[in-house]
Amino acid sequence: MDENKLTSDFNSEVEEAFRTAWHSEKGGDESWNKLMASYNVTPLTKEEKEMLLGSEMKIARGAFPIELRRVYDGIITKYKVPAASSQKLTGAINGFDMDSKVLEYYQKIKPFSGLGDIFKNAQTGTAKYSSGLQKEKHHTMKCRNCGAPRLEEMQYDSCLFCGSKLFETT
């Protein structure tokens with residue numbers, strides 16, 4: 001197959017996944033589920049979705065970022081074999097920055113709170129959360145990609161919200 005066509009198809013599928021996730025209902029809808037199924041991606045369970053919807057990491061619309069990451073993984077897997085014979089496609093796959101794409105998506109689906117809400121939250125939160133922190137040295141582990149707090153004490157693999165690695169491995 002033509003090298004340019006393969007690369008174009010790869011990029012089109014990535015964009016289609018982004019667009020479908022973004023235009024779906026909050027938490028995903030039937031068209032999003034069909035797209036996930038076409039890449040053999042298992043959707044989050046009802047319990048997982050409810051847990052994420054109740055977490056600090058809110059979404060106003062669209063599918064969950066971790067599901068989009070899984071679809072991106074499915075697209076990359078689909079194009080890995082043809083990429084062996086296409087230098088241009090290999091470059092497109094290797095140049096695909098999954099963490100930044102998932103973060104870009106999250107920035108589009110998170111609820112907007114105006115500047116007034118930001119300052120109001122900062123004022124009330126400062127007194128509530130900063131008293132005593134210097135003495136006790138509390139620290140919450142957060143995802144380096146999306147900022148979600150680690151939801152489980154023994155969670156060391158991937159962020160439950162966006163799917164990026166919580167810790168670097170050597």
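The values are calculated or read from the model by the stated rules, or taken from the named source; none is laboratory data. Owing to the predicted nature of the structure, the values given are computational and were not obtained by experimental measurement. So basically every Cβ, Gly included, is an ideal-geometry build from the backbone, and we count neighbours across all protein chains shown.
Each residue in region 34-79 was checked for being of a type in the set (A, V, I, L, M), without any contact (Cβ under 8 Å) to a residue 24 or more places away in the chain and under 30 Å from ASN4 (Cα atoms), and 2 of them qualify. Can you pull out every residue in region 28-44 that is closer than 19 Å to ALA148 by Cα and over 14 Å from the mean Cα position of the chain (by Cα)? Within region 28-44, no residue meets the criteria. Of all the listed residues (GLU56, GLU16, GLU67, GLU50), the sole one being in contact with a Pro (Cβ under 8 Å, 6 or more places away or on another chain), closer than 18 Å to ILE109 by Cα and exposed (fewer than 14 other Cβ atoms within 10 Å of the Cβ) is GLU56.
Hey, among GLU47, GLU67, GLU25, GLU3, which residue is under 19 Å from LEU160 (Cβ atoms) and more than 15 Å from the chain's Cα centre (by Cα)?
Answer to the check: GLU47.
Just one of (1) farther than 22 Å from ARG150 by Cβ; (2) of a type outside the set (Asp, Glu); (3) part of a loop (DSSP other than H, G, I, E, B) fails for LYS58. It is (1). Residues that are outside any helix (DSSP H, G or I) and either at pLDDT 90 or above or more than 17 Å from GLY147 (Cβ to Cβ) (or both) were ranked within region 87-116; the one that is nearest to the chain's Cα centre (by Cα) is ASP97.
Being touching a helix residue (DSSP H, G or I) at 6+ places or on another chain (Cβ under 6 Å) and not in a helix (DSSP H, G or I) is the filter here; which residues of region 8-25 pass it? Answer for region 8-25, where residues must be touching a helix residue (DSSP H, G or I) at 6+ places or on another chain (Cβ under 6 Å) and not in a helix (DSSP H, G or I): just SER24.
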